[in-house]
Amino acid sequence: MLFWRVLSKRHLALLWSSQVLSAIGDYFYQIAVMWIAIKVAGGAGGIVIAAQSGAALVCGLLGGVYADRWNRRTTMIAVDVLRGLVVGTLPIMALYGSLQLWYMILVGIVIGGLGALFNPALSASMPALTEDPQTLQASNGLMDVTRRLARALGPSMAGLLVSLIPLKHFFTLDAISFGISALAVLLMGGRFAWQPEYSPTRKGGIGSIIADMAEAVDVIRRHPLISWMMVGMGVINGAWSAAFVVGAPLFADRVLHGNVGAYGLIVGAYGIGNVASNMIVSNLTIRHRTLTIMLGKIIVGVGFLIMVATPFLPLALLGSALASIGGPMGDMPYLTMMQTELPQQHLGKAFSLDMTIGSLGSLLGILLAAPLYQYLSVPLAIACCSLLIVGVGVSGLWRFGITGPEQKTAVEQGMPE
């Protein structure tokens, strides 16, 4: 398997293992901060996570600009050190009984803003850390499965640890995980091309940031499939959030008449399918990226349609698992396409723009879910969202065909390599 080839390379194994620990630490942080915030402010405690998500959204484009201007290794180390120091203040405040809601909101804003700088820098660095497109695809798969493993392992590990250590030290563990991540990137050394070959020469200021983003948007616009997919992913994220994040618990409760256990099984089936699909797709040689991407989106929608076809839990689990298979099918080739077909000096901005559009889509989907489920039955509302996802995949195949558009190189586009 290509995963073993990737992990046999010391620098990639070091990076991956550190990101697994960091991602699990993030779940520890989320569990602790939400529990303490709810204890302090009740239902209003959710504002802590909302503030963090809002900061990530606001700083997303700015993070991409500086991920392309600065040395990406230095950026990631500095961001991890700062995040570790900021999160490390939480157990100290809790120790002296002065941890208040306003301070947790402030920390959330800082963490969200810094994350918007780290994530584009990491994604944009991957081509420089790998030797060929196939290794790049497998490395992307490992980084993606990190998030999925953390989602599966983080909560269960937290449940065990809470009986062994005080809740405030969940923040300590998260701070330590940031330190480990920073150390891992430091130990990778400076022999890789961490700094984009072409750097902006404009003077600083908001004008230069806008000009940088405009240039990146123009480059993305010249790649019709990537630009189409950025918009399509925003639509899909909105429909997915309404159908699964909001719809799955409603379906388990109102249609299956089950308890939280039924909902947990549906989510678990999705998680298992996600990880399995990721490990398979990441190790395949994908010759028709466009077909794989669009087929993946269609499978997600069809899976959700099966999930709500009848009020029968085994069928719901089958549909959830099928839908989860389509996620990596669409995400992995799309990510590799961006990394290999866009100029390296614009990768950070491209990833930040993609993340921003996706986050906006998810936010709108959750906001629109309330009226959707108010006026439609739960199965019908989920079916509408599912058909929208299928529609994006089908329209993509109709627009670009199986092989996709012929893409010019960076030189042919008039851009420096």
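The values are calculated or read from the model by the stated rules, or taken from the named source; none is laboratory data. Every value quoted in this text rests on a predicted model; they were computed, and no experiment measured them. When we count neighbours, we look across all protein chains shown, and the Cβ atoms used for this are built from the backbone with ideal geometry, even at glycine.
Would it be correct to say that residue 278 is in a helix (DSSP H, G or I), under 20 Å from residue 246 (Cβ atoms) and touching a residue at least 60 places away in the same chain (Cβ under 8 Å)? Outline the logic, then answer.
Details: in a helix (DSSP H, G or I): yes; under 20 Å from residue 246 (Cβ atoms): no; touching a residue at least 60 places away in the same chain (Cβ under 8 Å): yes.
No; evaluated as a whole, the condition is false for this residue.
Kindly evaluate residue 236 against the criterion of being in a helix (DSSP H, G or I), in the same structural domain as residue 372 (by TED's automatic domain parsing) and at pLDDT below 85.
no
Could you check, for the range 9-28, whether at least one of its residues is over 30 Å from residue 162 (Cα atoms), at pLDDT 85 or above and among the charged types (D, E, K, R)?
The answer is yes; a qualifying residue exists.
How about the range 305-332: which of its residues are assigned to a loop (DSSP other than H, G, I, E, B) and in contact with a helix residue (DSSP H, G or I) (Cβ under 8 Å, 6 or more places away or on another chain)?
308, 309, 311
Only one residue in 366, 357 is assigned to a helix (DSSP H, G or I), modelled with pLDDT under 95 and under 16 Å from the mean Cα position of the chain (by Cα). Which one?
Selected residue: 357, the only one of 366, 357 that is assigned to a helix (DSSP H, G or I), modelled with pLDDT under 95 and under 16 Å from the mean Cα position of the chain (by Cα).
Within the range 294-301, does at least one residue satisfy the condition of being under 17 Å from residue 388 (Cα atoms), touching a helix residue (DSSP H, G or I) at 6+ places or on another chain (Cβ under 9 Å) and at pLDDT below 95?
no
List, please: which pairs have Cβ atoms under 7 Å, are six or more places apart or on different chains, and start with a residue in the range 253-275 that is part of a helix (DSSP H, G or I) and end with one that is β-branched (Val, Ile, Thr) and surrounded by 18 or more Cβ atoms within 10 Å (Cβ to Cβ)?
Pairs that qualify, where the first residue is part of a helix (DSSP H, G or I) and the partner is β-branched (Val, Ile, Thr) and surrounded by 18 or more Cβ atoms within 10 Å (Cβ to Cβ), are 254/378; 255/378; 273/325; 275/145.
Have a look at 390, 394 and point out the one that is out of contact with any strand residue (DSSP E or B) (no Cβ under 9 Å at 6 or more places or on another chain), part of a helix (DSSP H, G or I), under 19 Å from residue 308 (Cβ atoms) and not charged (D, E, K, R).
Details: 394 fails: under 19 Å from residue 308 (Cβ atoms).
Answer to the check: 390.
Scanning the range 171-198 for residues that are part of a loop (DSSP other than H, G, I, E, B) and surrounded by 12 or more Cβ atoms within 10 Å (Cβ to Cβ), which turns out modelled with the highest pLDDT?
So in the range 171-198, the residues part of a loop (DSSP other than H, G, I, E, B) come out as 188-198.
Right, trim to surrounded by 12 or more Cβ atoms within 10 Å (Cβ to Cβ) and you get 188, 192-196, 198.
Values: 188: 93, 192: 88, 193: 84, 194: 87, 195: 83, 196: 76, 198: 52.
Ranking the qualifying residues of the range 171-198, first place goes to 188.
Just checking, does the range 380-401 include any residue being at pLDDT below 95, touching a helix residue (DSSP H, G or I) at 6+ places or on another chain (Cβ under 8 Å) and among the β-branched types (Val, Ile, Thr)?
No; the residues of the range 380-401 include none that is at pLDDT below 95, touching a helix residue (DSSP H, G or I) at 6+ places or on another chain (Cβ under 8 Å) and among the β-branched types (Val, Ile, Thr).
With under 13 Å from the mean Cα position of the chain (by Cα) and part of a helix (DSSP H, G or I) as the only criterion, which of 372, 335 stands out?
335
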